């Protein structure tokens, strides 16, 4: 008897999503006895009448590993535990349809679900698992902030995109004797910023884990100009903030999206430097969703494929309620609780942070010799 498996991709898009989907489908095809379906726009497809599902075969996933985005589409407004509903009077209420979702999936005859998503999506996975849904999580986020896994797919591609942008900005910064402030994503974690600053040769790297002193930042930039270099690159994570200050946010009235939108810190930092008396010409570049788009680099294609194969093997073995993980050089799996009780942030003694300090990168918290 053929068994059925469901794949969902939720939250923000990310390079490598299609590689995971392809890995699951091709592994299922090689084992035999399984049909794999994808739910369109995460769990939203299940709630459609009839359900909006797509049968996935080796033919339909051929070469999708080189494509960015997700062939199943995604949404960050489809939390089944807290769905927004606009009443006739215009007010908004939230509805928990989690139990209904579990019932619909079971009625459709699925043996299990593979949920590909980041922290928010996997928090949903954990709760649905508690409610009896046989589910496996695959960690996806360019932020690389999920505990319990060394890397999430999509992160390395985002770092490469940021590095390519910095390489281009260096030439224009040098030509015009300017300070270039480059804002990258990451929410409350500075992994993209740290890696991009190291690989791109920045003088300053501001991350959420280390509140910065604008006077220290100004002094580091001025030291660069005093050395007759004539330009400076500053990488700032979207969640970075000054000492005794707050993160910079963008107001949002999107119905169904309860996550605070970060952004604009590059412009805030630029104004802070000007107010502090920095005389150098400043320009700002916000990379934003450029970091999410495009074809995944080889590392993320391979990691996504590994994750997909391992996720299927867990489902075939009936080992649900777990999150696929990459540790050292091996793909393994861990309980949801080991990855979701806290975020993976950069510690003060992290080797990569110390490497950056060792070559003179300033984090805005202390003077650099």
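Would you please state which residues of the stretch 63-80 a label at residue 95 would reach in this model, taking the label point 7 Å out along Cα→Cβ and a backbone N cut-off of under 16 Å?
Backbone N within reach: 78-80.
Using the 10 angstrom Cβ neighbour count as an exposure proxy, how do 175, 270, 42, 295 rank, fewest first? Display every interim value, and only then the final one.
On the way: 175 10, 270 18, 42 26, 295 15.
Result, fewest neighbours first: 175, 295, 270, 42.
How far, in nm, would the chain grow between residue 131 and residue 58 when pulled straight, counting 0.36 nm per residue and subtracting the alpha carbon separation? Present the calculation step by step, with values, prior to reporting the outcome.
Working: separation 73, 0.36 × 73 = 26.28 nm, distance 3.20 nm.
Once the chain is fully extended between residue 131 and residue 58, it gains 23.1 nm.
Sorted from fewest to most neighbouring beta carbons within 10 Å, what does the list 191, 34 look like?
Working: 191 27, 34 19.
Fewest to most other Cβ atoms nearby, the residues stand as 34, 191.
Using the C-alpha atoms of the stretch 110-214, what convex hull volume per residue, in cubic angstrom, is computed? Write down the numbers at each step before the final one.
Values: hull volume 11.5 nm³, N = 105.
For the stretch 110-214, the hull spanned by Cα atoms encloses 109 Å³ per residue.
Against the longest alpha carbon principal axis of the chain, how many degrees, from 0 to 90 and to the nearest 10, is the axis of helix 265-275 turned?
Roughly 10 degrees between the two axes.
Can you give the Kirkwood hydrodynamic radius for the stretch 1-139, in Å, rounded to one decimal and based on Cα pairs? Display every interim value, and only then the final one.
Values: mean 1/r = 0.0652 Å⁻¹.
In the stretch 1-139 this quantity evaluates to 15.3 Å.
Could you tell me how many degrees, from 0 to 90 and to the nearest 10, lie between the Cα long axis of helix 214-226 and the main elongation axis, the longest principal axis, of the Cα atoms of the chain?
On a 0 to 90 degree scale, this one is about 60.
For residue 164 and residue 87 in the same chain, what is the full-extension length gain: residue separation times 0.36 nm, less their Cα-Cα distance, in nm?
Details: separation 77, 0.36 × 77 = 27.72 nm, distance 4.67 nm.
The span from residue 164 to residue 87 would gain 23.0 nm if fully extended.
What nm distance separates the two modelled labels at residue 174 and residue 276, each placed 7 Å from Cα along Cα→Cβ?
2.5
List 75, 249 from most exposed to least, where exposure is judged by having the fewest other Cβ atoms within 10 Å.
Listing 75, 249 from fewest to most nearby Cβ atoms yields 249, 75.
What is the helix-to-structure angle for 17-31, meaning the angle in degrees between its Cα long axis and the longest Cα principal axis of the chain, kept from 0 to 90 and rounded to the nearest 10?
It works out to around 30 degrees.
Test of understanding: what is the full-extension gain from residue 289 to residue 317, defined as 0.36 nm times their sequence separation minus their Cα-Cα distance?
On the way: separation 28, 0.36 × 28 = 10.08 nm, distance 3.72 nm.
6.4 nm is the gain from fully extending residue 289 to residue 317.
Using the alpha carbons of the chain, what is the convex hull volume per residue in cubic angstrom, as a whole number? The partial results should precede the final answer.
Numbers: hull volume 52.9 nm³, N = 369.
Hull volume over Cα atoms, normalised by residue count, gives 143 Å³.
For n ≥ 4 DSSP H runs only, could you compute -39500 (n - 2.57) per run for the chain, divide by its residues and tell me the 222 nm figure to the nearest 500? Intermediate results must be reported in sequence, preceding the final value.
Values: 11 runs with 129 residues, N = 369.
Here the helix-only value at 222 nm equals -11000 deg cm²/dmol.
Please grab the % of Cα pairs in the stretch 234-369 that end up more than 27 Å from each other. Write down the numbers at each step before the final one.
On the way: 4311 of 9180 pairs.
In whole percent, the share of Cα-Cα pairs in the stretch 234-369 beyond 27 Å is 47.
Where a number appears in this text, it was derived from the coordinates with a stated rule and is not lab data. Computed from a predicted model, the values in this text were never measured in an experiment. Neighbour counts run over all protein chains shown; Cβ positions are idealised from the backbone, glycine included.
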